[in-house]
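Novice: Dropping a structure here in structure tokens format, bear with me for questions.
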There are 2 protein chains.
Amino acid sequence: MAMLLEGKKVTANLKERLTADVEALKARGIVPTLAIVRVGEKEDAIAYERGATKRCESVGVEVRSVLLSEEATHDEMMATVESLNKDKNVHGVLILRPLPKHMDEAKIVAALAPEKDIDGITDISMVGTYANKITGFDPCTPEACMEILEFFGIETTGKNAVVVGRSLVVGKPAAMMLLKRNATVTVCHTKTQNLPEICKRADILVVCAGKAKAVGADCVSPGQTVIDVGINVDDEGKLCGDVDFEAVEPIVGAITPVPGGVGTVTTSVLVKHVVEAAKRQNP
Amino acid sequence: MAMLLEGKKVTANLKERLTADVEALKARGIVPTLAIVRVGEKEDAIAYERGATKRCESVGVEVRSVLLSEEATHDEMMATVESLNKDKNVHGVLILRPLPKHMDEAKIVAALAPEKDIDGITDISMVGTYANKITGFDPCTPEACMEILEFFGIETTGKNAVVVGRSLVVGKPAAMMLLKRNATVTVCHTKTQNLPEICKRADILVVCAGKAKAVGADCVSPGQTVIDVGINVDDEGKLCGDVDFEAVEPIVGAITPVPGGVGTVTTSVLVKHVVEAAKRQNP
């Protein structure tokens, strides 16, 4: 039986810290505020917005919902971002993506002020993650992985960490964040030839392959910590991760469930960034 | 006996390609030009400038030497960089560092136009290396390692590459460039606990530890390709790498000498970037 690395425990701890931070900011007259920019009425965007709003409000962070119709032009979207950049009462901006095809998403992302880029999507945020300096914000999902490791007291220094996946949203930043925490880091991907052998040697295994059951019993060994970043829907319509939980859990030392693991913490990290942004903008 | 990965062979090949590219540019009235900015008369800066100038001239790239006295102010340096940014006849700018302490080096680097950043030192260049897109230029030293692998036909896809060192100048970009080339990449550093074991498993071993003899016979195995980025001076005053060449060479499959390996190619990569910059600025 592996230790279950439940996201809700990490989230509860973060909530406590953030509530205190928000109170301290409010005592100084600052109300940490997140603007969520949504174009159109796509169901998953609405669901994500609802979740983020609820989590923000639970610690006292205000949310301003900015809605554009599906027919809004690229220029209207740009004007919206630029106006939020200038608005001193907005500390963080979350742009729900993908944007409609008639908008140049890259240009809109580039227009976002890095100090309000609480989702870590701008080039300036990315270089901070890569170069280990504070420019914008780290992407929320890999940071959620680090919050989980920290909360459960899992040592990283000198440990072998294996990241399965090399995306810019999770794999690469997770590798950088583990390097910063003094782990020896290996990045695997679809061209890796001996995945089970490499994964088995890991002390910490972060799986962000984007594919259900990418990591099974053949890839793990006793004592390992497994962080499953995947969110997939299985044949029976049930949510599952990139790790074959049923097969892996009896072998390893600790593992995150899906749902209830990394995804749960990711939203809290987003809120943490809004609070951090409000602090940085009001030193 | 390992195959000797001699830099001069790579350089000769690059020289041929670059000479042809420069001729094509000149036929269009464009003279690829590098500005080298040097502050003061430090010996190693002068030596580096001399080497780069010679290599540029050997393929027809012009060099403009921009000298500031050791007493030049931060503002004078900024004005110099800004004027070179605007100068349409200058395609690349090399700022010899470290700058004197009374200048804010970070600010000066940030002022450099990314399209002229042929040394890959700006944040915008760095994010290109990290995110695998063209923004500025990759740093010259890790790119020299890739040129060596390519020239000697060493396969990277699906191979295990181990990078010893996690600096922003060599280790991290080398890891990113190997990932781009589909290698499975492990980054080791001073906190790595089982270095010999990890290094032995590599197909390609890139050593940029910044320490003489950081990698010895205990870290290598038959058939490996070893790229030694180090430049140190040993007890007898002789140049040596980060790899114990005498001990390692008889075991591995291929190895770069020091001197005559990566360092030789690095200067040619700098020249390649100037030519590439001239092309990009004149599409």
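The values are calculated or read from the model by the stated rules, or taken from the named source; none is laboratory data. Quantities reported herein were computed from a predicted structural model and do not represent experimental measurements. Cβ atoms come from the backbone with ideal geometry, glycine included; neighbour counts cover every protein chain shown.
Novice: Could you tell me whether any residue of the range B:231-246 is among the polar types (S, T, N, Q) and farther than 17 Å from B:Leu5 by Cα?
Specialist: First, pick out the residues of the range B:231-246 that are among the polar types (S, T, N, Q): B:232.
Subset that is farther than 17 Å from B:Leu5 by Cα: B:232.
The answer is yes; a qualifying residue exists.
Novice: Answer yes or no as to whether B:Lys54 is assigned to a loop (DSSP other than H, G, I, E, B) and among the basic types (Lys, Arg).
Specialist: no
Novice: Now for a separate question. Which condition number in (1) within 30 Å of B:Glu155 (Cβ to Cβ); (2) within 15 Å of the chain's Cα centre (by Cα); (3) surrounded by fewer than 19 Cβ atoms within 10 Å (Cβ to Cβ) is the one that A:Cys208 fails?
Specialist: So the condition that A:Cys208 fails would be (3).
Novice: Within the range A:108-120, restricting attention to residues that are surrounded by fewer than 23 Cβ atoms within 10 Å (Cβ to Cβ) and within 14 Å of chain B (Cβ to nearest Cβ), which residue is farthest from A:Glu43 (Cα to Cα)?
Specialist: Here the residue is A:Pro114.
Novice: Name, by its number, the condition in (1) β-branched (Val, Ile, Thr); (2) more than 14 Å from chain A (Cβ to nearest Cβ); (3) surrounded by 18 or more Cβ atoms within 10 Å (Cβ to Cβ) that does not hold for B:Val233.
Specialist: (3)
Novice: Under 6 Å between Cβ atoms, which residue pairs at least 6 apart in sequence (or on different chains) link something in the range B:207-233 that is not assigned by TED's automatic domain parsing to the domain that holds B:Glu246 with a partner that is of a type in the set (Ser, Thr, Tyr)?
Specialist: none
Novice: Hey, can you tell me all the residues within the range A:25-51 that are touching a helix residue (DSSP H, G or I) at 6+ places or on another chain (Cβ under 9 Å) and outside any loop (DSSP other than H, G, I, E, B)? So that I can check it myself, show each step before the final result.
Specialist: Looking only at the range A:25-51, we keep the residues that are touching a helix residue (DSSP H, G or I) at 6+ places or on another chain (Cβ under 9 Å), and these are A:25, A:30-39, A:48, A:51.
The answer is A:Leu25, A:Thr33, A:Leu34, A:Ala35, A:Ile36, A:Val37, A:Arg38, A:Val39, A:Tyr48, A:Gly51.
Novice: Select, from B:Ala52, B:Ala35, B:Ala45, B:Ala20, the only residue that is of a type outside the set (D, E, K, R) and more than 19 Å from the chain's Cα centre (by Cα).
Specialist: Values: B:Ala52 fails: more than 19 Å from the chain's Cα centre (by Cα); B:Ala35 fails: more than 19 Å from the chain's Cα centre (by Cα); B:Ala45 fails: more than 19 Å from the chain's Cα centre (by Cα).
Exactly one of B:Ala52, B:Ala35, B:Ala45, B:Ala20 is of a type outside the set (D, E, K, R) and more than 19 Å from the chain's Cα centre (by Cα), namely B:Ala20.
Novice: Considering each of A:Thr19, A:Thr53, A:Thr33, A:Thr80 in turn, give the residue that is outside the structural domain of A:Gln224 (by TED's automatic domain parsing), β-branched (Val, Ile, Thr), over 29 Å from A:Gly260 (Cα atoms) and in contact (Cβ under 8 Å) with a residue 12 or more places away in the chain. Before you say what the answer is, go through the steps one by one.
Specialist: On the way: A:Thr19 fails: over 29 Å from A:Gly260 (Cα atoms); A:Thr53 fails: over 29 Å from A:Gly260 (Cα atoms); A:Thr33 fails: over 29 Å from A:Gly260 (Cα atoms).
Selected residue: A:Thr80, the only one of A:Thr19, A:Thr53, A:Thr33, A:Thr80 that is outside the structural domain of A:Gln224 (by TED's automatic domain parsing), β-branched (Val, Ile, Thr), over 29 Å from A:Gly260 (Cα atoms) and in contact (Cβ under 8 Å) with a residue 12 or more places away in the chain.
Novice: Which residue pairs have Cβ atoms under 6 Å apart, sit 6 or more places apart or on different chains, and have a first residue in the range B:84-98 that is over 12 Å from B:Val63 (Cβ atoms) and a second that is among the hydroxyl-bearing types (Ser, Thr, Tyr) and part of a strand (DSSP E or B)?
Specialist: B:Asn89/B:Thr33
Novice: To continue, here is another question. Quick one: in the range B:131-186, which of the residues that are surrounded by 20 or more Cβ atoms within 10 Å (Cβ to Cβ) and of a type in the set (Gly, Ala, Ser) is farthest from the other protein chains (Cβ to nearest Cβ)?
Specialist: B:Ala144
Novice: Quick one: in the range A:65-107, of everything that is assigned to a strand (DSSP E or B) and exposed (fewer than 15 other Cβ atoms within 10 Å of the Cβ), which residue is nearest to the chain's Cα centre (by Cα)? Spell out how you get there, then give the answer.
Specialist: Looking only at the range A:65-107, we keep the residues that are assigned to a strand (DSSP E or B), and these are A:65-68, A:92-95.
Next cut, exposed (fewer than 15 other Cβ atoms within 10 Å of the Cβ) only: A:65, A:67.
Values: A:Ser65: 21, A:Leu67: 23 Å.
Once the filter is applied, the top-ranked residue is A:Ser65.
Novice: Checking B:Pro196 against (1) touching a residue at least 24 places away in the same chain (Cβ under 8 Å); (2) touching a helix residue (DSSP H, G or I) at 6+ places or on another chain (Cβ under 6 Å); (3) within 14 Å of chain A (Cβ to nearest Cβ); (4) within 20 Å of A:Arg201 (Cβ to Cβ): exactly one of these is not met. Which one?
Specialist: B:Pro196 satisfies every listed condition except (1).
Novice: Now for a separate question. Return the residues of the range A:17-41 that are surrounded by fewer than 15 Cβ atoms within 10 Å (Cβ to Cβ), over 12 Å from A:Lys272 (Cβ atoms) and not small (Gly, Ala, Ser); say none if nothing qualifies.
Specialist: A:Glu23, A:Lys26, A:Arg28, A:Val31, A:Glu41
Novice: When you scan the range B:122-132, do you find a residue that is closer than 23 Å to B:Lys8 by Cβ, aromatic (Phe, Trp, Tyr) and part of a helix (DSSP H, G or I), even just one? Lay out the reasoning, then the answer.
Specialist: Going through the range B:122-132, the residues closer than 23 Å to B:Lys8 by Cβ turn out to be none.
No: the range B:122-132 contains no residue that is closer than 23 Å to B:Lys8 by Cβ, aromatic (Phe, Trp, Tyr) and part of a helix (DSSP H, G or I).
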